[in-house]
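Note sheet for the following structure.
The values are calculated or read from the model by the stated rules, or taken from the named source; none is laboratory data. Quantities reported herein were computed from a predicted structural model and do not represent experimental measurements. All Cβ positions, glycine included, derive from the backbone under ideal geometry; neighbour counts span all protein chains shown.
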Amino acid sequence: MFEKILIANRGEIALRVARACRELGVRTVAVHSTADRDSAVVRFADEAVQIGPPPSRASYLNAAAIVEAARRTGAQAVHPGYGFLSEDVDFADICAENGLVFIGPPPQVMLALGDKAKARDVLGTAGLPLPPGSREPVPSSAHAATVAAEIGYPVIIKAAAGGGGRGMTVVTDEADLTPAYHRTRQTARAVFGDDRVYLERFLTQARHVEVQVLCDGHGNGVHLGTRDCSVQRRHQKLIEEGPAPTLPAAMLDEMAAVALRGALAVGYVGTGTFEFLVDENDQFHFIEINCRIQVEHPVTEMISGVDLVQEQIHIACGTPLRLRQPDIRPRGVAVECRVNAEDPQRGFTPTPGRLDRFEIPGGPFTRVDTHGHTGYVVGPHYDPLLAKVVVWAPDRELALNRMERALSEFDVRGPGVHTTVPFLRRVLDDAMFRKGRLSTGLVGRLLDEPSQTRTA
């Protein structure tokens with residue numbers, strides 16, 4: 001086991017990793033920008049190193065500063081969390097060159113799978129079912145038009161280096177394709193430094209379902225069941241639950257088995273998430289793999305009893321996987337709601353500001369992963385995620401009732417600060433959601449309806 005791990009991230013995931021390390025008896029180093037000098041993880045970690053000013057490019061994306069902090073503090077490994085450098089092949093290479101273990105897949109695996117277009121090609125070859133689309137990036141708008149004509153509209157244009165729901169454009173009409181193609185490439189270049197894009201057929205009433213896998217460096221692997229992430233806005237997930245409700249159990253079992261076979265076929269190591277779209281005929285299609293811990297990993301932890309972050313660390317130490325598939329016995333239902341500092345009434349605009357009151361829910365089978373506290377300042381520089389509220393119950397109805405109760409206890413106040421809690425409660429009230437009749441269009445439908453959003 002490592003003696004000391006540097007956590008190359010911030011916010012709730014940095015604190016989550018630090019807690020896992022403490023339970024393992026591993027010392028931690030928190031890196032932080034000047035804006036985060038008083039953050040929860042800085043107070044919790046054994047050591048802290050300031051690495052730059054607030055902008056991410058100068059701090060949490062500053063690979064040289066992070067590696068220097070690790071070397072100076074004697075850390076043996078780096079945990080990147082999610083976002084920032086978590087799927088950056090160059091950063092993983094730099095860590096290796098400096099004698100640091102990158103807690104994630106090997107660079108060669110990330111190189112093959114972190115690129116969404118390459119992953120589609122590699123895993124399609126490995127036998128995973130793909131939605132109709134291009135197997136490689138499309139180099140021109142004329143080529144994009146040819147592909148779109150072959151697969152039919154609507155189509156979705158995706159950044160090959162994309163992630164986190166960014167760099168995607170849905171096109172419903174041929175006349176809009178060329179401007180959308182160029183616009184998506186510009187966005188991809190600005191956000192990811194890579195303007196390559198590819199096309200897929202857009203499934204309008206699809207379910208977004210994902211499979212969590214764990215694989216070691218010795219050829220062993222397990223899947224930990226499914227999560228439904230269909231409740232999303234502009235490809236940004238708002239509510240996740242596991243297992244995916246109302247879908248045929250045999251289909252979910254097949255999806256999980258296919259994901260694990262694909263992971264083992266490409267030599268995957270670490271924790272990863274295979275994402276699928278399920279069409280109206282209950283046919284599933286692979287869309288991408290996330291080579292990192294997911295924001296929604298607590299859902300799987302609650303139903304499986306497996307600490308995914310600790311398993312990541314054990315695997316990075318070279319330890320053979322301590323689990324076998326018969327050991328994975330998910331039970332009950334878990335639901336996660338992401339509480340963001342955003343105003344749903346103004347198009348989910350971020351609302352930075354000081355939190356004069358920050359009271360989180362408690363009670364049975366209720367988990368809150370957060371870095372927020374009374375007095376915390378939500379800054380304009382980073383993702384507005386404030387907290388993840390996660391509940392568990394023996395069945396879905398009780399889980400949703402428990403989540404409604406938990407969200408009703410959430411009390412966040414501050415000048416100009418709004419949260420997504422009222423909108424999340426509106427989703428929980430929706431009759432179609434309650435019946436488990438989910439699709440990626442659910443949030444859009446609610447936003448188009450006259451708002452009955454709670455103001456509390």
>> Against the condition in the same structural domain as residue 8 (by TED's automatic domain parsing), crowded, with 19+ Cβ neighbours inside 10 Å and of a type in the set (S, T, N, Q), how does residue 56 come out, does it pass?
In response: no
> How about region 161-249: which strands (runs of 3 or more DSSP E) wholly inside it have at least 2 residues that are farther than 22 Å from residue 437 by Cα?
Replying inline: 166-171, 197-201, 207-215, 221-233
>> I'd like the full set of residues that are aliphatic (A, V, I, L, M) and crowded, with 23+ Cβ neighbours inside 10 Å, limited to region 118-141.
In response: 119, 123, 128, 138
> Yes or no: residue 258 farther than 29 Å from residue 367 by Cβ and either buried (at least 19 other Cβ atoms within 10 Å of the Cβ) or basic (Lys, Arg) (or both)?
Replying inline: yes
> Given the residues 166, 183, 189, which is the only one that is without any contact (Cβ under 8 Å) to a residue 12 or more places away in the chain, surrounded by fewer than 21 Cβ atoms within 10 Å (Cβ to Cβ) and more than 30 Å from residue 305 (Cβ to Cβ)?
Replying inline: 189
> Going through region 174-195 one residue at a time, which ones are closer than 14 Å to residue 147 by Cα and either touching a His at 6+ places or on another chain (Cβ under 7 Å) or polar (S, T, N, Q) (or both)?
Replying inline: 178
>> So the check is Cβ under 7 Å with 6+ separation or different chains; which pairs have a first residue in region 426-444 that's in contact (Cβ under 8 Å) with a residue 12 or more places away in the chain and surrounded by 15 or more Cβ atoms within 10 Å (Cβ to Cβ) and a second one that's among the aliphatic types (A, V, I, L, M) and assigned to a helix (DSSP H, G or I)?
In response: 426/446; 427/446; 428/400; 428/403; 430/446; 433/427; 433/442; 442/432
>> Every residue in region 408-448 that is closer than 28 Å to residue 353 by Cα and aliphatic (A, V, I, L, M), please.
In response: 412, 417, 421, 424, 427, 428, 443, 446, 447
>> So the check is Cβ under 6 Å with 6+ separation or different chains; which pairs have a first residue in region 1-24 that's in the same structural domain as residue 73 (by TED's automatic domain parsing) and a second one that's acidic (Asp, Glu) and in a helix (DSSP H, G or I)?
In response: 10/36
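Residue-wise test of (1) out of contact with any Lys or Arg (no Cβ under 7 Å at 6 or more places or on another chain); (2) among the acidic types (Asp, Glu).
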| site | (1), (2) |
| --- | --- |
| 219 | yes, no |
| 222 | no, no |
| 257 | yes, no |
| 261 | yes, no |
| 282 | yes, yes |
| 289 | yes, no |
| 296 | no, yes |
| 300 | no, no |
> Hey, does region 300-315 have a residue that's under 28 Å from residue 234 (Cα atoms), hydrophobic (A, V, I, L, M, F, W, C), assigned to a loop (DSSP other than H, G, I, E, B) and within 21 Å of the chain's Cα centre (by Cα)?
Replying inline: no
>> Can you tell me which residue is modelled with the lowest pLDDT among those in region 208-245 that are under 26 Å from residue 110 (Cα atoms) and among the basic types (Lys, Arg)?
In response: 234
>> Consider region 197-212. How many of its residues are in contact with an Asp or Glu (Cβ under 6 Å, 6 or more places away or on another chain) and over 28 Å from residue 182 (Cα atoms)?
In response: 2
>> Every residue in region 25-84 that is in contact with a Phe, Trp or Tyr (Cβ under 7 Å, 6 or more places away or on another chain) and among the hydrophobic types (A, V, I, L, M, F, W, C), please.
In response: 26, 61, 63, 77, 78, 84
> Consider residue 416 against the criteria (1) small (Gly, Ala, Ser); (2) surrounded by 15 or more Cβ atoms within 10 Å (Cβ to Cβ); (3) within 26 Å of residue 33 (Cβ to Cβ): it satisfies all of them except one. Which criterion is unmet?
Replying inline: (2)
> What pairs can you find where one residue is in region 232-252 and closer than 24 Å to residue 340 by Cα and in the same structural domain as residue 348 (by TED's automatic domain parsing), the other is assigned to a strand (DSSP E or B) and of a type in the set (Gly, Ala, Ser), and their Cβ atoms are less than 6 Å apart, with a gap of 6+ or different chains?
Replying inline: 242/334; 243/225
>> Out of 68, 87, I need the residue that is among the charged types (D, E, K, R), part of a helix (DSSP H, G or I) and either within 21 Å of residue 194 (Cα to Cα) or not assigned by TED's automatic domain parsing to the domain that holds residue 160 (or both). Which one?
In response: 68
> If you take the residues of region 278-289 that are surrounded by fewer than 22 Cβ atoms within 10 Å (Cβ to Cβ) and not acidic (Asp, Glu), which of them is nearest to residue 370 (Cα to Cα)?
Replying inline: 285
> Here are some conditions: (1) under 22 Å from residue 94 (Cα atoms); (2) in contact (Cβ under 8 Å) with a residue 24 or more places away in the chain; (3) not basic (Lys, Arg). Residue 52 meets all but one. Which one does it not meet?
Replying inline: (2)
